[in-house]
Amino acid sequence: MLKFKPLPPLERLNQLVEIDNITPENYGKCSGLICKDKRQGTRGVGKVAGSRRYEKPRNRSVWVIRIDGSYYYVARIIYYMYYKIDPGNLEVDHRDRNTDNNNIDNLRLDVYDNIQDHNKNRRQDNKSGITGVHWRSDINKWAARLRGKNMPGHLGLFDCKREAAKVVNEAIVSNKLDKIGKQLVSLSEVSCNCRKCVTSQE
């Protein structure tokens, strides 16, 4: 992973590259930057600037670009050139989780810190069908949890899966994670066979 560092001056960036829209069929082929200077990269003026790099810790490929001897994430360069704001120590996040989609409307600052910890699909080993809720077979209870930095973690144990899901929803809203893409559980779609739910259906 690249360390975040001060970005080159905007004047310098505007000399070397320009922002280019990426169509879905060109994800992975285009970085979102085009060369303006023949000394920038090896592809030449009008060609794609930057290259893809695999980051093992995150198991992802990202676009990077070398400028004046230093490497930078292309997403950070694009964000900086468009908004004229250096992201500093904040990560530039991809809303759709596709690091090949560096279009400006897909980029946002991770002001919540590790935004993708909260904006990702349910784990494959989750048997409840609900993110944040799992079955504790040792005590025959549903456990509710909200993980992530500065998150509450354990939210309680419940006989009712729907109640556990409701508590998770409340924690998502109170921590404003719904504002960054964290999906709320549709309680009407939660199937539960606890005594309370069975009785209410009779």
Given the conditions (1) modelled with pLDDT of 90 or more; (2) part of a helix (DSSP H, G or I), which single one is not true for Gln116?
(1)
Suppose we keep only residues that are modelled with pLDDT under 95 and among the β-branched types (Val, Ile, Thr) within segment 66-100. Which one would you say is surrounded by the most Cβ atoms within 10 Å (Cβ to Cβ)?
Thr99
Candidate set from segment 1-44 (those that are more than 19 Å from Val62 (Cα to Cα) and of a type in the set (Asp, Glu)); member that is modelled with the highest pLDDT:
Glu11
Taking into account only those residues within segment 6-21 that are more than 25 Å from the chain's Cα centre (by Cα) and hydrophobic (A, V, I, L, M, F, W, C), which is surrounded by the fewest Cβ atoms within 10 Å (Cβ to Cβ)?
Leu10
Among Arg53, Arg66, which is touching a residue at least 24 places away in the same chain (Cβ under 8 Å) and either of a type in the set (Lys, Arg) or not assigned by TED's automatic domain parsing to the domain that holds Leu33 (or both)?
Arg66
If you take the residues in segment 1-21 that are assigned to a helix (DSSP H, G or I) and among the polar types (S, T, N, Q), which one is farthest from Lys84 (Cα to Cα)?
Gln15
Taking Lys38, is it closer than 19 Å to His94 by Cα, in a loop (DSSP other than H, G, I, E, B) and without any contact (Cβ under 8 Å) to a residue 60 or more places away in the chain?
no
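The values are calculated or read from the model by the stated rules, or taken from the named source; none is laboratory data. As the structure is a prediction and not an experimental result, all values here were calculated from the model. Neighbour counts run over all protein chains shown; Cβ positions are idealised from the backbone, glycine included.
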